[in-house]
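Here is the structure we will look at.
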Amino acid sequence: MKALPLLVLVLAVGAVACDEDTLGPTPITNVTWKLETVTRVGSATITVPNPDQFTVRFESNNNMAVRADCNSCSGRYSLDGTSVSIGSLACTLIACPTPGVDQLFTAGLENARTATVSGNQMVMTGPDYTLRFRN
């Protein structure tokens, strides 16, 4: 009879421990994601030489902030599981020292349909682009 209360206690502690996911996925929101590569369908993958200058941050209020080299952009997004929809981005139009990468980056964001996170890596894909980030 004494074993039954002990068994119930062990099972209860185990069930509570299972609810804690200390190694759960990194959330997409409220994290600054640094672009590592851009791949456009039919083109070679471009490795971004300076990821700190190509960032995106998805705020919890569905606003997003983008740094595209020397330009800054803002916009809105919606997220449902791994499905993402990004509206048109409003960007400054400064001529940047790394020409073209800023335009590929913003076009890739607007083209994205999914966003998946694994550890400190995020991959956004769409019909025409794949963007790989780290945080």
| said: If you split all Cα-Cα distances of the range 23-134 into 5 Å bins from zero, what percentages do you get per bin, shortest first? | reply: 2, 13, 25, 28, 20, 9, 3, 0, 0
| request: Would you please give the residues with an amide H less than 5 Å from that of ARG113, counting only those at least 5 places away or on a separate chain, with H modeled from the backbone geometry? | output: THR125, GLY126
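Quick one: length gained pulling THR116 to VAL41 fully straight, 0.36 nm per residue minus the C-alpha distance? Display every interim value, and only then the final one.
On the way: separation 75, 0.36 × 75 = 27.00 nm, distance 1.89 nm.
Length gained, THR116 through VAL41: 25.1 nm.
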| remark: The answer for the net charge of residues other than CYS70 whose Cβ lies under 15 angstrom from its Cβ, with Lys and Arg +1 and Asp and Glu -1, is -2
| note | Residues whose built amide H sits under 5 Å from the amide H of THR29, excluding neighbours closer than 5 in sequence, are none
| request: Between beta-carbons, use under 12 Å as the cut-off and find the net charge around ASP128, counting Lys and Arg +1, Asp and Glu -1. | output: +1
| said: Taking a virtual spin label 7 Å from the Cα of ASN30 along the C-beta vector, which residues in the range 56-79 bring their backbone nitrogen under 17 Å of it? | reply: 57-65, 79
| query | Given a Förster radius of 22 Å and the C-beta distance between CYS91 and ASN61 as r, what FRET efficiency does 1/(1 + (r/R0)^6) yield to the nearest 0.05? | reply | 0.65
| note | Taking every other residue with Cβ under 13 Å from the Cβ of SER85 and scoring Lys and Arg +1, Asp and Glu -1, one gets 0
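FYI, it's all coordinate maths here, none of it is from the lab. Note that this is a predicted model, so its numbers are computed, not measured. Here the Cβ is made from the backbone with ideal geometry for all residues, glycine too, and neighbour counts use every protein chain on show.
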